[in-house]
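Notes follow the structure.
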Amino acid sequence: MQTIQVGAARVLSMLFVIADYSQPYVLGNACFGLDDKQITDFRHSVKSILCEQSQWNKDLFAATFKLLTSAALYQPAFLVAVIAARENTNVQLSNDDGVKQPNEAAFGLIWSKEVNLIDALLQYVGRSEDLIKSNPHMLLNVLNCLKALWQGPGQFTNILDRLKSSEKFWRLMSSSILLIASMQDNPSDNLIDTEIVSLAYRYQCQSAVLQIMAYEMFLQKKLLHSESLVKQTSESSKNRIEKADSTEKTKDAGLGGLKDILSTWCENSVLGNLIKSYASCEYDNDMYLRAKTAAGLFAVHVMRKLESGDTGSLSVSLIKEINILSKKLSDLPAFFELLAQYTQHGYSDGKELKSLILSDLYYHLQGELEGRKIDAGPFKELSQYLLDSKFLQTYRRKYDGNLFAQAKDVYLFDSTRLRADLGSDMWDYSEWRTSKEVAETLLLCLQDANSMVLLASSKLSALKALITFLSLYKEDSTEKETAVGKIPEQLILSCIDHICHCLQITIESLAPILDDSEDLLDFLAAQAELLLHLIRSVHKRLSLCSCVLVLRTSGSGLKVLSGFRSSVTGVGATMKLLLMLLLSSVKLSCTNSLQGGARDKESVEAFAEVSNASLGLLPILCDCIEPAEYCILSLTIIDLILKSFLTPNTWFPIIQKYLQLQPVVQKLQNKNYLASIPMILKFLLTLAHVKGGAEMLLTAGFFPTLRVFFADLSDGEPFSVIQSESNLFSDKVEKPQHVWGLSLAVVTAMIHSLGDSSSCTDIVDYVITYFFSEKAYLISYYLSAPDFPSDGRDKKRARAQKTQTSLSAFKETEHTLMLLCVLAKHRNSWIKAMKEMDSQLRERSIHLLAFISRGTQKLGESPSRVAPLLCHPMLKEEFEWYKKSSFINSRNGWFALSPLCCGLDPKFSAVSSRTTSLVIKDQAYANTGPAPQTFFSDTMAIQIYRLAFLLLKFLCLQAEGAARRAEDVGFVDLAHFPELPMPDILHGLQDQAIAIVTELCEANKLKPVPSEIQGVCILLLQITDMALYLEFCVSQICGIRPVLGRVEDFSKELKLLMRGMEGHAFFKVSLKSLKQIISFVYPGLLQTEGFL
């Protein structure tokens, strides 16, 4: 009877799957036309099996739970109908919401006739701690069923609520996890096969528990999110709101037990032990190698038997396999070499040499099995051929047990089939009885390999579940609604070092023999993913020593994996994970070094180790660039390493030797790499800063490729932007990539690096012709000045005059001006090629300079002026800057005007619902007071002054060129003298710069000046210096003398500036140059004021 029940349960489980696949478009899954009585009878049968027969009929118990699991996955409506108890409700407790509560006695060990299926499940949950030790197989069946319920929470909401309503539920569910705390580092050592299988079942149980807990955290997060949306959008009555709050409190109470457990795990050693235990790999390639050696030994032994015509009781298929292998073995060059040697030495008088060679090969393999290595030579080649042969592959099969339900296929050796093919039961009655030891050795080795695979695959399942759990736990802990505490950083840091050690062991176990290493690749990928998750969890607090460990471990893995074929399953994903590990650790190393941590001896030594480790990674990363799937990640890492840790003298010889640059350059015209072009250009920019790198770019055909790239972009656009694909409903604002400026930056760096070489002259001629003829409209666009609005009474007209721009657009203009300045230094090429555009470029430059000059906002003036332009934050980092306070804290010049320009764009509220409150807050603030100074507004002001610096530099180069021509010919040719700014424009720039520097010096009089402010002050003094130089040129050419009022104003400003700069040594060089030019523009002023 019970056998029939087991068979019926298994068939019904299969029917559920078939019915689901045969009706893919039917929702709800019909209950096969069963009436209430039939469903009730089925329910009673299931209860009877679970409550009464589970102790003495384990097969029936397992089949029944598989049936319930299959129903939950493929026929949820049927399972709901079965579980929905319409009788015995008197033992159920109900709350005010109508959710039935299980009796706490359901967790007890005494079965009742009135128990229902929910209580039956809870009975086994209550016995988890005992079952995980005594019968993990039974517990796994229960947990798989529960996991299936959590995978379909929409259909099983009421069932899940009844399961979770007890405070004991999560504590009892997680009791099996606590077992891991008492495990040793290598629990599988010295265990017999049955113990190893039991341990594998325990890992699977822990995997199921972690998955269920992860499902619950995900479910609660989604429920709370949906409830918050309903509260925001609905206009409900007070009673409905109170009811929603009551329901939420009920859910919070149900989740309370889970929160407490998670917090407890973090406080004690459970979570740390869990991470460290799962991170150690159980895959053992030596065990695989031993099994293959035993198979080779057996095959050679059988070959000798078959040579004498004795087939024994071997199956026909096995005899055929051995004969084929023997034929291939005897055709190898190594075999012929041995035949020649044996003939030469006269062994066996030249007879039966094959049998003699096989006999010697047998004893060599036997020695290998016993730990003695075979020396290099013909026997080593024959042995290796046997190890590489597919003889054992014939006896591999997919594991069909219930240990890996819904997991990746696991393949084992089919010892039963091999034993049947051997017919070893008959050997005791024949001459084959002496061969039984060889066969038993093979079967024992295969059994050991099978046990190892089962255990390792189970641990892999648990590791993946842990990764999912930690990912959701971290995400959940960042939300205020479901905060359950964060994992202590000290725990994470201790785990990182341990995982690196385990990862290195796994890497060293990898072998190029693919059938041995595919399982190892899966585990390696999981280890790398866990390590990546933990590194991201510690943010910027990973020590340099740990960074070095991660760098070396990841680099070691990449080096080994590069020897595998890319077509091997798992290699690509694992390589990407290791590259992401490298990228994260390199970024953290950069952060640590920039924060000034490398000052003490230990930090300096650690930073040196990072540099050395990075240097060793370059050849490996250069090899990783060639495959398309690793190219951009590898380039990103290389670029970061070159910029952060190494000098060009160190890294360039390695790059020159190992990097194939031409394929990288050609990716610029490959449309498949459109979204990656900015990263490619950034790497080429780093390379172009070195003379040898610029020469490499020339050889690789950078300029022809760049020309094709720009030709492929749509014509008529005001700027060249590559926008990565983004979801309109995404919470993140995608970063627009401006490739025009990056391209110009590469060209500028190449010209600067090549210097006065002959190749540089050709490049300058080419660049001027191309950019100022074919792309002249883009040059003109980025040099166009906005219209500065007036402070008239017509506010609407003033608002209409505002120009929309962005910080990225300012940077594009900066790159354009940098190219202009570099090209203008090559006077002969510039004059020859720019006769028609030269004047136009100067006019646009002067107009833009005039716009900047009009931004004079002095301390004490009313800040309620109209914003001259709008520059809203647009990128993710810019929004972060907007939230940060000002770091310059100046109320003069563009630092005072920029807050008016840099408010949030009201349209941004339509992009992300998460920032809605921020937008509303900003709008309210803007209506009630002056615009606040922020890090973003300071950055925008600094960017404007960088443009002023480059504009002045370009005009100074033009003026210097004209002055040299005048010296050469002996007179000033006014008809061909370059246009220069009016004195008022130059005075405005001088006033802004002097006022800001004076203010900042006074504000930092009694404390060290931060490096950021020092940089701003030096930039502004250089602007003042060049503005005075141009003013001197104008006065000399036009014969204009400074008016008395200007001399007095400048004298007052200079006094304040000189007084403010006292005691600040970083002004020494700038002050010397400034005094020199002042002595020419305002002769005698310095002596009069006593500044000499």
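The values are calculated or read from the model by the stated rules, or taken from the named source; none is laboratory data. If you're wondering where the values come from, they're calculated on a predicted model, not measured in any experiment. Note: ideal-geometry Cβ built from the backbone for every residue, glycine included; neighbour counts use all protein chains shown. Heavy atoms of the whole protein, side chains included, go into the accessibility calculation; ligands, DNA and RNA do not. Shrake-Rupley method; radii C 1.70, N 1.55, O 1.52, S 1.80 Å.
At a probe radius of 1.4 angstrom, the accessible area of region 488-659 per residue rounds to 41 square angstrom. Peptides 458-464, 1026-1032, 706-712, 132-138 ordered by packing proxy, namely the average of other Cβ atoms within 10 Å per residue, highest first: 458-464, 1026-1032, 132-138, 706-712. FRET efficiency for Cys1038 and Tyr766, Cβ-Cβ distance as r, R0 = 45 Å, nearest 0.05? E between Cys1038 and Tyr766, to the nearest 0.05, is 0.75.
For region 488-659, a crude dipole built from +1 on the beta carbon of Lys and Arg and -1 on the beta carbon of Asp and Glu, taken about the Cα centre, is about 700 debye to the nearest 20. Rounded to the nearest whole Hz, the Karplus-based 3J(HN,Hα) values (6.51 cos²θ - 1.76 cosθ + 1.60, θ = phi - 60°) of region 1058-1071 follow the sequence 4, 5, x, 7, 4, x, 10, 5, 6, 8, 4, 5, 5, 5, with x at glycine and proline. Among the protein heavy atoms, those of Leu15 account for about 80 Å² of accessible surface (1.4 Å probe, every chain in place).
In units of the compact-protein estimate 2.2 N^0.38 Å, region 259-372 shows a Cα radius of gyration of 1.85. Evaluating 6.51 cos²θ - 1.76 cosθ + 1.60 at θ = phi - 60° for every residue in region 543-555, the Karplus couplings come out as 5, 5, 5, 5, 4, 4, 4, 5, 4, 5, 5, 5, x Hz, glycine and proline recorded as x. Scalar couplings 3J(HN,Hα) for region 320-330, obtained by applying the Karplus form with A = 6.51, B = -1.76, C = 1.60 to θ = phi - 60°, are 5, 4, 5, 5, 4, 4, 5, 4, 5, 5, 6 Hz; x denotes Gly and Pro. Compared with the direct C-alpha span, the chain from Lys168 to Thr647 gains 166.3 nm at full extension, assuming 0.36 nm per residue.
When you count the other C-beta atoms within 10 angstrom of each residue and take the mean per peptide, 1041-1047, 692-698 line up highest first as 692-698, 1041-1047.
By the equivalent-ellipsoid construction on the alpha carbon gyration tensor, region 488-659 comes out with semi-axes of 26, 21, 12 Å, ordered largest to smallest.
Peptide packing: for 292-302, 959-969, 265-275, the average count of neighbouring Cβ atoms within 10 Å per residue gives the ranking 292-302, 265-275, 959-969, highest mean first. Run the numbers on region 488-659 and let me know its relative contact order in percent, using alpha-carbon pairs under 8 Å that are six or more apart. Reported relative contact order: 23 percent.
With each label modelled as a point 7 angstrom along the Cα→C-beta vector, the Lys576-Ala1065 pair spans 5.3 nm. Extending 7 Å from Cα along the Cβ direction at Val972 and again at Gln393 yields two label points whose distance is 8.8 nm. Please find the FRET efficiency linking Lys373 to Ser313, where r is the Cβ-Cβ separation and R0 is fixed at 35 Å, and quote it to the nearest 0.05. According to the calculation, E is roughly 0.50. The figure for Arg1059 is an accessible area of roughly 130 square angstrom, using a 1.4 Å probe on the protein chains alone.
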